[in-house]
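Here the structure is laid out as structure tokens; the discussion comes afterwards.
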Amino acid sequence: MTKLDKIWFGTTITWCEGQQNPGWISCLLHADICYLCRKKVKKIWKEQYAVNWDDISLDGKLTLTGLNIMLQRAATYHAEHLGFGFTQTSVYNASWVLFRINLELIRMPEWCDQVVVETWPRVVKGLAAYRDFIVTTPEGEVLCRATSEWFIIDLTSRRPQQIEKYVDVELYTTDRQAVTRDIPTLSRNTDYETLFEVIPKYSDMDMNGHTNARKYFDWLTDAMHQDNGKLNPTFVQMAYFSECTLGEHLVIQRNTSEKGLYRGQKTAHDKTAFVAMVEMSNGG
């Protein structure tokens, strides 16, 4: 029989594949696990942030990058709280990576505003775990709704893994759905022209050994400004197709046939790093 490990409340539990009851009942009787059973688990996580000077753009409003950093932080803290964050997955040479995020933007907060980020795991489908977010004012005004898709990758092969090999995320999911509008499908149109070039630097890297997801929003923001001159998006979809490593050369491009469509293309192998779809408010 094959030994299997799974993370439960941050504790690694081992059992043999094929056992009728894979050790859960006996494990629950163990004093350490019983202590964890008494832990107050928060299925919905809340974080409050101030919009700081380095989070805003020329117009004094929160940037897409600043928003994405807040969402990433809340997701990271919640995953750690639930026992399947980087602290736990790294033991198995694995890590969560963001594959796609959809942002429904109602109003961007301004400098010195306080915002509350709520987040929760919603569902697991195939290789992807879905995590939703709602950003509000402390008084409850909704500013942003978001839904995201995450993979667990092996840090050596860089390939997505079956999530259930590591954790039963569905033990902690909540049916609540943040984004109720239809999510558009990314266009496969390939009519692009280059706006500018970038080379990821050391300061852009994270512990997974690739460019952090927030940096892509810097590139997207610069592309939107160069292409359109106005930055008033109401919806953004960012899809990460290929990780960008230190020193890789990319061209940031806009689609010449479809307005609001951008991509980052790695020049060495003509491979798409990301595609972003942006919807603007009237006049945007």
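The values are calculated or read from the model by the stated rules, or taken from the named source; none is laboratory data. All figures in this text were calculated on a predicted structure; none of them were measured in a lab. Reconstructed Cβ throughout: ideal geometry from the backbone, glycine too, with neighbour counts over all protein chains shown.
Below is a table of values for the structure above.
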{"item": "Some residue of the range 232-246 being under 22 Å from ALA128 (Cα atoms), of a type in the set (Gly, Ala, Ser) and outside the structural domain of ALA94 (by TED's automatic domain parsing)", "result": "yes"}
{"item": "Test set (1) in contact with a helix residue (DSSP H, G or I) (Cβ under 7 Å, 6 or more places away or on another chain); (2) not in a strand (DSSP E or B) - GLN88 fails condition number", "result": "(1)"}
{"item": "Selected residue (criterion: farthest from VAL167 (Cα to Cα)) from residues of the range 137-146 that are buried (at least 19 other Cβ atoms within 10 Å of the Cβ) and not aliphatic (A, V, I, L, M)", "result": "CYS144"}
{"item": "Boolean, GLU104 is of a type outside the set (S, T, N, Q), out of contact with any helix residue (DSSP H, G or I) (no Cβ under 8 Å at 6 or more places or on another chain), buried (at least 19 other Cβ atoms within 10 Å of the Cβ) and farther than 16 Å from ILE44 by Cβ", "result": "yes"}
{"item": "All positions within the range 257-270 that are over 20 Å from ASN232 (Cα atoms) and modelled with pLDDT of 95 or more", "result": "SER257, GLY264, GLN265, LYS266, THR267"}
{"item": "Verdict on THR180 being within 22 Å of the chain's Cα centre (by Cα) and surrounded by 13 or more Cβ atoms within 10 Å (Cβ to Cβ)", "result": "no"}
